[in-house]
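Here, each number is a calculation from the coordinates, and none is a lab measurement. Owing to the predicted nature of the structure, the values given are computational and were not obtained by experimental measurement. Don't worry about glycine lacking a Cβ; one is built from the backbone with ideal geometry, like all the others, and counts go over all protein chains shown.
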Amino acid sequence: MKQHLAHIALVVRDYDEAIEFYTKKLNFKLVEDTELSEEKRWVIVAPLGAKECMLLLAKAGNEE
């Protein structure tokens, strides 16, 4: 049985700021940006050419 990682969650302060950093500075591609609620989005970015592992940009629900 082959195992692999699909998404690695990374806590970010702001979705749009994080998307800009990963896509403009690191040249990642924006794979998905879906609004789940007023505060939450499902945001996935990946390096160009990535086939398995991607970053899930997650915004913390509170200051902690």
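The alpha-carbon of Lys29 sits under 17 angstrom from the alpha-carbons of these lysines, leaving out residues fewer than 8 places away in its chain: Lys51. Within the chain, the percentage of alpha carbon pairs spaced more than 16 angstrom apart rounds to 46%.
When only Cα pairs below 8 angstrom with a gap of at least 6 residues are kept, the chain shows a relative contact order of 40 percent.
Multiplying the residue separation of Glu35 and Glu52 by 0.36 nm and removing their Cα-Cα distance gives an extension gain of 3.8 nm. Quick check: pseudo-label points 7 Å beyond the Cα along Cα→Cβ at Asn27 and His4, how many nm apart are they? Each label point is offset 7 Å from its Cα along the Cβ direction, giving 2.2 nm.
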